[in-house]
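Below is one structure, written out as structure tokens; comments come after it.
What follows draws every value from the coordinates through simple rules; no lab data is involved. Here the structure is a predicted model, which is why all the values come from computation and not from measurement. Glycine gets a Cβ as well: all are built from the backbone with ideal geometry, and neighbour counts include every protein chain shown.
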Amino acid sequence: MPIYEFSCEVCGHFFESLIKAGEDFPACPQCGSKQVLKVPSIFSFRDASSARAAREKAILKRARDYLIDGKYKDAQRFLEKAKEFLPTDRIKRLSDALSERKPTPGYFVSKPEVVITKKKGS
């Protein structure tokens, strides 16, 4: 049974209702009037490829957020798991690129428990 949208001519209320092909239009739930018009509604269709593309976009956005925050290992771990559930080419390429990535030279890794001091004059 399809969902139809209706508009009441008396009070102007818009509502939806499930009706079969041969049934009369339902009464307005707000005022009870039978003077209702069927309003054309927008048809929506979503296939598997659009759902897959939306899921891939969400995965890549989350990986991008990890990379922006500098969490390369978290991004790599997330993409490895995502590859198992949604093995698309873009996710595989990004995951492979992160696994081959070497640390950027010139950056220091700080360890708060280790403090290196240098004596003056030496």
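For region 1-72, the relative contact order is 25 percent, taking Cα pairs closer than 8 Å that sit 6 or more residues apart in sequence and dividing their mean separation by the residue count. Note on Arg93 and Ala51: the model spin-label points, each 7 Å out from Cα along the C-beta direction, lie 2.6 nm apart. Remark: spin-label model distance Glu23-Glu84 equals 4.6 nm, labels positioned 7 Å along the Cα→Cβ axis.
Working from Cα pairs under 8 Å separated by at least six residues, relative contact order for region 48-100 is 32 percent. In plain terms, the chain from Ile42 to Asp74 could stretch by 7.4 nm, reckoned as 0.36 nm per residue minus the Cα-Cα distance. A DSSP coil position with no more than 14 other Cβ atoms inside 10 Å describes the following trypsin sites (Lys or Arg not before Pro) in region 67-100: Lys71.
Compute the signed sum of charges (Lys and Arg +1, Asp and Glu -1) over the other residues within less than 14 Å, Cβ to Cβ, of Pro87. So the surrounding residues net to +2. Shown here for region 9-96: GluC sites (Glu not before Pro) in loop regions (DSSP other than H, G, I, E, B) with at most 16 other Cβ atoms within 10 Å, namely Glu9, Glu23.
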